[in-house]
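**Student:** Below you will find the structure I want to go over with you.
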Amino acid sequence: MSTTSTPVPGTELLSEEHQRLAAQVREFADEVVAPASYTYDTERRLPMEIIAEMGRMGLFGLPIPREFDGQGKDYLSLCVAVEQLARVDQSIAVTLEAGLGLGAMPILSVGTRAQQERFLPALARGEELAAFGLTEADAGSDAGATRTTAELVDGQWVIDGTKQFITNSGTPITSLVTVTAVTGQRRRPDGRSSPELTSIIVPTDTPGFTALPGYDKVGWHTSDTHPLLLEDVRVPEENLLGERGRGFANFLAILDQGRVALAALCVGAAQGCLEQATEYAKRRIVFDRLLGDNQHIAFTLARMQARVAAARALMHEAAHRLDAGMPFSQEASLAKLVASEAAVDNARSACQIWGGNGFLNENVVARHHRDSRVLEVGEGSTEVQLSIIAKHLGFPKALTG
């Protein structure tokens, strides 16, 4: 990007490399994703042709080292790409965010060299997708309530259980799901016992692994989301991801990273709503004047802009800290909290400005209104983020109510 080019909004303080990436993905989002978005949303299918093009662009390999066929970029680069996609389609954005943040990054972060060499190249090229199987009917934020079990028998992990709400778990190119399972009990310092939670890589072609029919969701219609059934699933002992019994700690670290990228998705959604509402207010004539000339409408747009700016600043700070190897757990929660609320509030405001047209599914602001609701739930609810922030403020008991 030349120094005379106008940077994509929100990237003015980023490097020229980040600005070029933002411009490239924004153009792809506007020219390829947006025109087809309503069609595949209505069909409730993940457009594999678009996912393949994203793979060819290198988006699924952004933070993965070049030695594993990735792009060797920083985590902020992933956030920049996710934000631009989310402006026009949250489902496509979360496919990238979850495919990397929850799918590939755990293997990069705690996997063995052999696991990295085996699994990462195809994931980085976008030829395959990975998923993270944590949530169950009674275990989500409370991972200690996990019921899925794994027993080591004759050099194999034998896994039984169910998972739910697992993104990217049933696409034609999903190759593996990392599942968390109870592998025993541990004695705590206070004498009580607690489940030993372990992460295990399960290739999707393993006998006994079944992705059940997808959900009828309120939003994210294009995103691939399934419950999973694991019946006598057997994988080699070397499919253990990280240390045995470190599954809980690993999952917390994975979610911290994922929250930064999900915050970027929220920022993109909020930005998309702002752009749509601003454009409409500049051309809609009501009572012989532009809609935006009404102070209430102008002030509403100003508040939408303020939400975007605040959320983006927090997201960038969390990403910068992550890339610098600094503690970022609190910053990730702050970014996710503020950005998810910004997405929800901006979607509501955009629909109000668009009036009746904002109630039509063919309008992207209506889809944002539908889709944004899950942003205050997924990858740690608003209440979980508040608990984490309170813990950093010195109130650890807030985590238990």
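**Student:** Ignoring ligands, DNA and RNA, what accessible area per residue does the range 19-71 give at 1.4 Å, in Å²? List each step's numbers first, then the result.
**Tutor:** On the way: 2430 Å² over 53 residues.
Counting only protein heavy atoms, the per-residue value for the range 19-71 is 46 Å².
**Student:** Give the angle, between 0 and 90 degrees and rounded to the nearest 10, that separates the Cα long axis of helix 75-86 from the longest principal axis of the Cα atoms of the chain.
**Tutor:** Result, in degrees: 50.
**Student:** Name the residues of the range 88-103 whose amide N is less than 19 Å from a point 7 angstrom out from the Cα of Glu31 along the C-beta direction?
**Tutor:** 88-89
**Student:** When you have a sec, figure out the Kirkwood radius of the chain from all distinct Cα pair distances and drop it here in Å to one decimal? Intermediate values should be presented prior to the final figure.
**Tutor:** Numbers: mean 1/r = 0.0462 Å⁻¹.
About 21.7 Å, per the Kirkwood formula over Cα pairs.
**Student:** I'd like the accessible area for Ile173: 1.4 Å probe, protein heavy atoms, all chains in place, Å² to the nearest 10.
**Tutor:** The accessible area of Ile173 comes to roughly 40 Å².
**Student:** Could you give each residue of the range 159-175 its phi-based ³J(HN,Hα) in whole Hz, using Karplus coefficients 6.51, -1.76, 1.60 with θ = phi - 60°, and x for Gly or Pro?
**Tutor:** 3J(HN,Hα) across the range 159-175, in whole Hz: 10, 9, x, 9, 9, 9, 6, 9, 6, 6, 8, x, 6, x, 10, 5, 10.
**Student:** Additional query: Mind running the shape call on the range 246-290? Use the C-alpha gyration tensor, a ≥ b ≥ c as the square roots of the eigenvalues: rounded below 1.5 for a/c, prolate if a/b tops b/c, oblate otherwise.
**Tutor:** The shape class here is prolate.
**Student:** Taking K and R as +1 and D and E as -1, what net charge do the other residues with C-beta under 10 Å from the C-beta of Ala86 add up to?
**Tutor:** Values: positive: Arg87; negative: Glu83, Asp89, Glu97, Asp371.
Local net charge: -3.
**Student:** For Ala137 and Thr210 in one chain, what is 0.36 nm times their gap in residues minus the Cα-Cα distance, to one decimal in nm? Walk me through the numbers before you get to the answer.
**Tutor:** Values: separation 73, 0.36 × 73 = 26.28 nm, distance 1.65 nm.
Full-extension gain reported as 24.6 nm.
**Student:** Counting C-alpha atoms alone, how compact is the range 288-359: give Rg to one decimal and Dmax as a whole number, in angstrom.
**Tutor:** Just the Cα atoms of the range 288-359 yield Rg and Dmax of 16.0, 56 Å.
**Student:** So between Ala306 and Met48, what do we pick up on full extension, going 0.36 nm a residue minus the alpha carbon distance?
**Tutor:** Numbers: separation 258, 0.36 × 258 = 92.88 nm, distance 3.56 nm.
Stretched fully, the Ala306-Met48 segment lengthens by 89.3 nm.
**Student:** While we're on this one: Give me the net charge for the shell around Gly325: Cβ to Cβ below 15 angstrom, other residues only, Lys and Arg +1, Asp and Glu -1. It would help to have the intermediate numbers written out before the result.
**Tutor:** Working: positive: Arg321; negative: Asp74, Asp256, Glu317, Asp323, Glu331.
Neighbourhood net charge equals -4.
**Student:** Against the longest principal axis of the chain, how steep is helix 113-124, in degrees 0 to 90 to the nearest 10, with axes from Cα atoms?
**Tutor:** Value to nearest ten degrees: 30.
**Student:** Apply the a/c threshold of 1.5 to the C-alpha gyration tensor of the range 9-101 and tell me whether it is rounded, prolate or oblate. Provide the component values of the computation, followed by the final result.
**Tutor:** Details: a/c = 2.17, a/b = 1.38, b/c = 1.57.
Judged from the Cα gyration tensor, the range 9-101 comes out oblate (a/c at least 1.5, b/c at or above a/b).
**Student:** Let me make sure I get this right: for the range 82-151, a, b and c are the square roots of the gyration tensor eigenvalues over alpha carbons, sorted descending. Under 1.5 in a/c it's rounded, otherwise prolate if a/b > b/c, else oblate. Which is it? Show your work: numbers first, answer last.
**Tutor:** Values: a/c = 2.73, a/b = 1.17, b/c = 2.33.
Cα axes put the range 82-151 in the oblate bin.
**Student:** Check which residues have an amide H placed less than 5 Å from Val177's amide H, if you skip close sequence neighbours.
**Tutor:** Long-range HN contacts for Val177: Ala131, Val202, Thr204.
**Student:** Let me check I've understood the local charge: for Gly126, count other residues with C-beta under 13 angstrom from its C-beta, Lys and Arg +1, Asp and Glu -1. What total comes out? Intermediate values should be presented prior to the final figure.
**Tutor:** On the way: positive: Arg56, Arg125; negative: Glu49, Glu53, Asp69, Glu127, Glu128.
After counting each charged neighbour, the total is -3.
**Student:** Okay, next question. Can you tell which of Gly140, Gly355, Gly380 shows the greatest fluctuation in a Gaussian network model of the chain with Cα springs below 10 Å?
**Tutor:** Looking only at Gly140, Gly355, Gly380, the biggest GNM fluctuation is shown by Gly355.
**Student:** Right, next: Can you divide the C-alpha Rg of the range 24-76 by 2.2 N^0.38 Å and report the result to two decimal places? Walk me through the numbers before you get to the answer.
**Tutor:** Details: Rg = 13.2 Å, N = 53, 2.2 N^0.38 = 9.9 Å.
My calculation over the Cα atoms of the range 24-76 gives 1.32.
**Student:** Can you list residues whose amide H is under 5 Å from Thr135's amide H, if they're 5+ apart or on another chain and H is modeled 1.01 Å from N?
**Tutor:** Amide H neighbours of Thr135, under 5 Å, 5+ apart: Gln164.
**Student:** If you don't mind, another one. Roughly how many percent of the accessible protein surface of the range 132-213 is carbon and sulfur, given a 1.4 Å probe and a whole-percent answer? Intermediate results must be reported in sequence, preceding the final value.
**Tutor:** Values: 1770 of 3670 Å².
On the range 132-213, the fraction of accessible area on carbon and sulfur atoms equals 48 percent.
**Student:** At 25 °C and 0.890 mPa s, grab the translational diffusion coefficient of the range 70-195 from Stokes-Einstein with a Kirkwood Rh over Cα pairs, rounded to a whole number in µm² per second.
**Tutor:** Working: Rh = 16.4 Å.
Answer, rounded: 150 µm²/s.
**Student:** In whole Hz, what ³J(HN,Hα) sequence does the range 235-247 give by Karplus (6.51, -1.76, 1.60; θ = phi - 60°), x for Gly and Pro?
**Tutor:** Once θ is set to phi - 60°, the couplings for the range 235-247 become 10, x, 4, 6, 7, 4, 9, x, 7, 4, x, 9, x Hz.
**Student:** Something else: Please report the carbon-and-sulfur percent of the accessible area for the range 246-390; probe 1.4 Å, protein heavy atoms only, DNA, RNA and ligands left out.
**Tutor:** Details: 3530 of 6220 Å².
That share works out to 57 percent.
**Student:** What does the accessible area per residue of the range 299-345 come to in Å², with a 1.4 Å probe and no ligands, DNA or RNA counted?
**Tutor:** Values: 1930 Å² over 47 residues.
Value for the range 299-345: 41 Å² per residue.
The values are calculated or read from the model by the stated rules, or taken from the named source; none is laboratory data. Owing to the predicted nature of the structure, the values given are computational and were not obtained by experimental measurement. Virtual Cβ from ideal backbone geometry, glycine too; neighbours counted across all protein chains shown. When the accessible area is computed, the model is the full protein with side chains, heavy atoms only, and any ligands, DNA or RNA have been set aside. Shrake-Rupley method; radii C 1.70, N 1.55, O 1.52, S 1.80 Å.
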